[in-house]
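Contents: one structure, followed by commentary.
The values are calculated or read from the model by the stated rules, or taken from the named source; none is laboratory data. Please read all numbers here as calculations on a predicted model, not as lab measurements. A quick note on method: Cβ atoms are made from the backbone with ideal geometry, for glycine too, and the neighbour counts reach across all protein chains shown.
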Amino acid sequence: MTHDPHATYSSPLALRYASRAMQETFSERARALVWRDLWIALAECQRELGLAISAEQIAQMKTAREDVDFARVAELERELRHDVMAHVHAYGEKAPLAKPILHLGATSCYVADGADQILIKRGLEILRARIVAAARELAEFCRAQADLPVLGFTHFQPAQPTTLGKRATLWLQDLLVDLEEIERAAARLPFRGVKGTTGTQASFLQLFGGDHAKVRELERRVTERMGFARAVAVSGQTYPRKWDGIVLAAVAGIGQSAAKFAIDVRLMAHRKELEEPFGSRQIGSSAMPYKRNPMRSERIGALSRYLLHLAPNALDTAANQWLERTLDDSANRRITIPEAFLAADAILLLVRDVAAGLVPYPKVIERHLRAELPFMAAEEILLGAVQAGGDRQDLHERLRVHSHEAGARVKTGDGVNDLIERISADPAFASIRARLSELSDPQRFVGRAPQQVREFLAEVADPALAARADLVVPAGEVRV
């Protein structure tokens, strides 16, 4: 019977959202091949240090490396109830000369944990490249919008103006922090090493006839061969699960930054000031044809919420490890770690896509700003009128009355803010009537925002991105 892929559950992260590159990184085949790499490295280093392992055995292991019979592995696992030993036997059938020395002295965690760490490092490299790709798009948006005044908000209430580019630097700065954290996690992550059943290396000490120096050298060589700068100094049966918490905290940080970015886009979309990309055939609502819902930003929020809740899971797992090890971490980690990376990958694909296609609407932005600006300009107008010879207290009272009347019209009348017109008609402000347009110019109220954008790009963002200009970004696209 032909298997219908639509008849069984598939993770939406794999089916709809994450890239093929990240899916392949955490695939069963990738894991099986890394297990075999670990077995080959162990055998090679054991042979180099004097154990009775032949060149022919290692050669056969290498020849059979990619010949993974997953059907046979599944059959063996149903019988043995042990995934690692199922792979040991299946590999041994493909490399019969090596069967007697496969997994020699090792515990399951040598390959299971070692592979997890290697795949985590590969996943971190993909995320690193995706952050850089998204950051490049945001940097260009910051540059293009450095000078465009926009109404600022605190508490989502109108506040002192900023510029759209300055607002976007907040999004970019968060991503650059994530880049540092991802790189730090990758650089710090240690290898489990060659530790044996409970971390004492007793099996390897026996194999090497009590030679402690050779056991230490075995671990050093295997660690280096698998691409790590160091192994954990001590372990139980597993590498300390605390490292999963450190890694997933860095990965979840991407969700935090992306969610903040997406929420801001959604808020501005509601105000019709900014839109995410919208396809020419895209449907915003099945019932309301006019809708242009910010669905990509909403998906960023949805996936980010999921990702943020995976990080505490890793902390719980680390906290609940008993003595040298308990197996209640295994099923959990099989899900949590790959799903965190797939979610972060999907999020960054969306962030890059949205950032590359953001559409600002300057006329709407200006209209909203000018609707609030007269109130913000009141102090400038007061000071200008006093400098022209007016009585500060009388002018202040007049401004108070005009502001309240204009505010009432905005809230209960036709919504028009006519404060400038009221001031212009007041004889007490005649001395600065010609300057009212100048005194209420939006550019007067953005402070150093344009300069801050250019300084941030020149001093922080551009150097960070230039230093990583050679990063190859794996293929990936927003599919739905």
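Tabulated data for the structure shown
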{"read-out": "All positions within segment 424-480 that are hydroxyl-bearing (Ser, Thr, Tyr) and farther than 22 Å from Lys166 by Cβ", "value": "Ser424, Ser431, Ser437"}
{"read-out": "Filtered residues of segment 84-106 (kept if more than 19 Å from Val194 (Cα to Cα) and of a type in the set (A, V, I, L, M))", "value": "Ala86, Ala90, Ala95, Leu97, Ala98"}
{"read-out": "Single match in Ala90, Ala134, Ala59, Ala115 (criterion: surrounded by fewer than 20 Cβ atoms within 10 Å (Cβ to Cβ), aliphatic (A, V, I, L, M) and in a helix (DSSP H, G or I))", "value": "Ala59"}
{"read-out": "Extreme residue, surrounded by the fewest Cβ atoms within 10 Å (Cβ to Cβ), among residues of segment 145-162 that are more than 14 Å from Arg367 (Cα to Cα) and in contact with a strand residue (DSSP E or B) (Cβ under 9 Å, 6 or more places away or on another chain)", "value": "Thr154"}
{"read-out": "Which listed residue is out of contact with any Pro (no Cβ under 7 Å at 6 or more places or on another chain), in contact (Cβ under 8 Å) with a residue 60 or more places away in the chain and closer than 30 Å to Val234 by Cα, from Arg188, Arg167, Arg184", "value": "Arg184"}
{"read-out": "Scan of segment 343-379 for residues that are β-branched (Val, Ile, Thr) and in a helix (DSSP H, G or I), ordered by number", "value": "Ile347, Val351, Val354, Val364, Ile365"}
{"read-out": "Any chance Pro450 is surrounded by 15 or more Cβ atoms within 10 Å (Cβ to Cβ), farther than 24 Å from Leu382 by Cα and out of contact with any His (no Cβ under 9 Å at 6 or more places or on another chain)", "value": "yes"}
{"read-out": "Qualifying positions in segment 418-437 - under 12 Å from Ala371 (Cβ atoms) and in contact with a Leu (Cβ under 8 Å, 6 or more places away or on another chain)", "value": "Ile420"}
{"read-out": "Any pair with Cβ under 7 angstrom, 6 or more apart, that starts in segment 81-101 at a residue that is over 16 Å from Ala52 (Cα atoms) and ends at one that is of a type in the set (Asp, Glu) and exposed (fewer than 15 other Cβ atoms within 10 Å of the Cβ)", "value": "Ala90/Asp69; Lys94/Asp67"}
{"read-out": "Residue match in segment 190-202 (condition: under 28 Å from Ala314 (Cβ atoms), hydrophobic (A, V, I, L, M, F, W, C) and not assigned by TED's automatic domain parsing to the domain that holds Ile53)", "value": "yes"}
{"read-out": "Hits in segment 436-451 - residues which are among the basic types (Lys, Arg) and under 20 Å from Arg143 (Cβ atoms)", "value": "Arg448"}
{"read-out": "Residue check, Glu77 free of Cβ contacts under 8 Å to residues at least 12 places away in the same chain, surrounded by 13 or more Cβ atoms within 10 Å (Cβ to Cβ) and more than 29 Å from Ala475 (Cα to Cα)", "value": "yes"}
{"read-out": "Some residue of segment 63-81 being touching a Lys or Arg at 6+ places or on another chain (Cβ under 8 Å) and under 16 Å from Ser203 (Cβ atoms)", "value": "no"}
{"read-out": "Meets criteria (surrounded by 15 or more Cβ atoms within 10 Å (Cβ to Cβ), touching a Gly at 6+ places or on another chain (Cβ under 8 Å) and either at pLDDT 95 or above or not hydrophobic (A, V, I, L, M, F, W, C) (or both)) for Val215", "value": "no"}
{"read-out": "Residue list for segment 122-155, restricted to those being over 30 Å from Arg31 (Cβ atoms) and among the charged types (D, E, K, R)", "value": "Arg136, Glu137, Glu140, Arg143, Asp147"}
{"read-out": "Residue that is farthest from Ile131 (Cα to Cα) [pool: residues in segment 1-36 that are among the hydrophobic types (A, V, I, L, M, F, W, C) and free of Cβ contacts under 8 Å to residues at least 12 places away in the same chain]", "value": "Met1"}
{"read-out": "Segment 192-207 residues that are over 19 Å from Ala52 (Cβ atoms), paired with ones that are of a type in the set (D, E, K, R) (beta carbon under 7 Å, 6 or more apart)", "value": "Arg192/Asp113; Gly193/Glu219; Thr198/Glu324; Gly199/Glu324; Gln201/Lys195"}
{"read-out": "Residue satisfying condition, being under 30 Å from Ala134 (Cα atoms) and surrounded by fewer than 19 Cβ atoms within 10 Å (Cβ to Cβ), within set Asp470, Asp441, Asp394, Asp426", "value": "Asp470"}
{"read-out": "Subset tally (residues that are under 31 Å from the mean Cα position of the chain (by Cα) and among the small types (Gly, Ala, Ser)) for segment 202-235", "value": "5"}
{"read-out": "Matching entry among Ala355, Ala343 (being over 30 Å from Ala115 (Cβ atoms) and at pLDDT 95 or above)", "value": "Ala355"}
{"read-out": "Residues of segment 405-420 satisfying the condition of being within 16 Å of Ala378 (Cβ to Cβ), at pLDDT below 85 and part of a helix (DSSP H, G or I)", "value": "Ala406, Gly407, Val410, Leu419, Ile420"}
{"read-out": "Helices (runs of 4 or more DSSP H) wholly inside segment 425-480 containing at least 1 residues that are at pLDDT 80 or above and out of contact with any helix residue (DSSP H, G or I) (no Cβ under 9 Å at 6 or more places or on another chain)", "value": "449-456, 462-466"}
{"read-out": "Close pairs from segment 382-398: first closer than 11 Å to Phe429 by Cα, partner assigned to a helix (DSSP H, G or I) and among the aromatic types (Phe, Trp, Tyr), Cβ under 8 Å, at least 6 apart", "value": "Ala385/Phe429; Gly390/Phe429; Leu395/Phe429; Arg398/Phe429"}
